[in-house]
Amino acid sequence: MNRSKEPIMVTRPLLPEIDSYKDSLDSIWESKWLSNNGRKSQKLEVEVANYLGVNNVSLFNNGTIALLTAVQSLRLQGEVITTPFSFPATTHVLAWNGIQPVFCDICPETLTIDPKRIEELITARTSAILGVHVFGVPCYVEEIQKIADRHGLRVIYDGAHAFGTEIDGKPIGTFGDITMFSFHPTKLFHTGEGGALTFNDENLKDRINLLKNFGIKNQEEVILPGINGKMNELSAAMGLEVLPLVDAERQRRAEIRNLYCSRLENVPGVSIVKMPNGVKNSEQYFVIRISEKDFGSNRDHVFELLKERNIFPRKYFYPLISKYPCYSALSSARPEALPVATQIESEVLCLPFYGELPLEVISNICNVIIAACRKSQAGSKMTNREKVDVA
Ligand SMILES: *Cc1c(COP(=O)(O)O)cnc(C)c1O
């Protein structure tokens, strides 16, 4: 079993050598400059732009404030069409901007917003589409852009999981009007806490940078109702240390993903969330779906079995955002209007996924899943509670 007895979580932050980070802190101490577009964050902005293959990057103190600012910077209002299958922040930033979220169902293959369902949700009040490249799987960016162009809408992407994703060699941050990235420690590339916006339109740069610094133009003029979204130098220093580690970590994760796939691919009722052809994987999560009908038991059963072994996968994204009490009364939040998302939320499971995950733990996880399937099929007359007891 899990011999170390240390709990196995779904991820673990990528950490640089402590001495290297300390050297970096020394230079901050010398500079006595801790925030407000310091040298470290200027350098990181350039390096992130290079890594992501984008022309414009603005760093933030976290991804949520970055997304909040993106919505402000485009002057969105009224209604925004978005996905219920995401982290709470995606929808909350709309509410914080006084915008009504309109939930659109997702595609069963990609788990991203379904472009075939968007147009029926557009009203005279719609100002934008907010898609999420969930688990690093790209949205149907071309179809979405066509819809947006037809109706004069803006497009924002929550790319929190998509750092390094590419579609046919095209960097993910180049699609839509603005893309948000999160640099929270659960994300592959992180700055302790942090985030960024990427965008093609050079003209947005001044407005975004003003908005993230209280709207302060100079010592005499404050020209916009801004917020404090600035990245500090300690975080930027972390980012400069972590960024060079990202490619090797992605390589290790790709190997772990292959291992998981080879063991789980043919388990009845288990399907693996995969990248479409031509997409470079960000390696942010490894996600499976457990279909009760073919597996014989359900996702929650597998979750409990792993938990008993001190292994903690996550049920991302359960519950759907549309089920939160603050949104559930919206007509677009009705489960009947979101049949695919409602099905998927009961099936998804994010398995532990990070470069240092020991091979025997991966093997244990797969064994538990495979055994759960066999047991369930052998004892299909048992109740779920009994199955947990037997396992
Ligand atoms: C992590 C995450 C966010 C929030 O980013 P923070 O940097 O933690 O504020 C937003 N959306 C998604 C999909 C995320 O996973």
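The values are calculated or read from the model by the stated rules, or taken from the named source; none is laboratory data. Keep in mind the model is a prediction, meaning the values are calculated, not measured. Methodologically, a virtual Cβ is constructed for each residue, glycine included, from the backbone with ideal geometry; neighbour enumeration extends over all protein chains shown. Surface areas here come from the heavy atoms of the whole protein model, side chains and all, with no ligands, DNA or RNA. Shrake-Rupley method; radii C 1.70, N 1.55, O 1.52, S 1.80 Å.
Odds and ends about this structure:
- Solvent exposure of the chain, expressed per residue, is 45 Å² of accessible area, with all protein chains present and a 1.4 angstrom probe.
- Top positive-direction residue, dipole computed over the chain with Cβ charges, set P352, L211, A236: P352
- Rounded to the nearest whole angstrom, the semi-axes of the ellipsoid equivalent to the chain, taken from the Cα gyration tensor as √(5λ), stand at 36, 28, 17, largest first.
- The chain - percent of accessible surface contributed by carbon and sulfur, probe 1.4 Å: 51
- Cα pair count fraction exceeding 26 Å, expressed as % - the range 1-155: 45
- When the Cα gyration tensor is reduced to axis lengths a ≥ b ≥ c, the ratio a/c is 1.5 or higher for the range 294-382, and with a/b not above b/c it is classed as oblate.
- Dipole magnitude of the chain, debye to nearest 20 (Cβ charges: Lys/Arg +1, Asp/Glu -1, about Cα centre): 800
- Averaging the Cα positions of each part gives two centres, and for the range 105-175 and the range 271-285 these lie 16 Å apart.
- Gyration tensor verdict on the range 114-202 (Cα atoms; rounded if a/c is under 1.5, prolate if a/b is larger than b/c, oblate otherwise): prolate
- Per residue, the chain reaches -11000 deg cm²/dmol at 222 nm when only DSSP H runs of four or more residues are counted, each adding -39500 (n - 2.57).
- Dipole of the range 155-273 [Lys/Arg +1, Asp/Glu -1 at C-beta], most positive-end residue of H161, V222, I256: I256
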